[in-house]
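As structure tokens, the structure follows; a few thoughts come after it.
Read the figures in this text as sums done on the coordinates, not as results from a lab. Just so you know, these numbers come straight off a predicted model, no measurement behind them.
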Amino acid sequence: MATHLINSVQRHTSMRMAAPDTSNSWRTQAIDAFIHGKHDNLAALRVDLAARVAALTGQPIAPEAIAVTRASKIARVVVDGVRFQLQNGELSILRTCVECGLTTHASPPISSRADLGYALAGWQPRGNCCTPDEDEDWALW
Ligand SMILES: [Zn+2]
């Protein structure tokens, strides 16, 4: 009796699940795209940063070493003490103000080893702390 009831329920359930639920499918698909899209974007950000830094430095970058901020979509990784950052498709490094060392600044975009060399040695980041008349972008840091 009980077995018969369970079999009946299972049959009924599987039949229901097999039937396409057209009224909610577009909602489900949109929500799936949202959830998976977010994960894909963050994963892609890690892969992108790892590939760029590996190409510039010759160092293998472990994806788990890369920190990603979900809200602002910034990926960061530290290689031999140098902080690399990927934001809005642009790779840069983070350095502190050359005068006081207290404020942090993102370098100009880096797309080659020469760009990286400039960011490491030629570029002289200064914050508002040390250049009050610097343009407004510095105020973010
Ligand atoms: Zn300073």
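Couplings 3J(HN,Hα) of region 69-79, computed from phi: 8, 5, 5, 9, 6, 10, 10, 9, 8, 9, 10 Hz, in residue order, whole Hz [Karplus 6.51 cos²θ - 1.76 cosθ + 1.60, θ = phi - 60°; x for Gly and Pro].
Just want to confirm a number: the relative contact order over region 25-116, from Cα pairs under 8 angstrom separated by 6+ residues, in percent.
Relative contact order here is 17 percent.
Radius of gyration over Kirkwood radius for region 34-140, both on Cα atoms: the Rg/Rh ratio is 1.00. Along region 57-62 the Karplus relation, 6.51 cos²θ - 1.76 cosθ + 1.60 evaluated at θ = phi - 60°, assigns HN-Hα couplings of 9, x, 8, x, 10, 7 Hz to successive residues, with x for each Gly and Pro.
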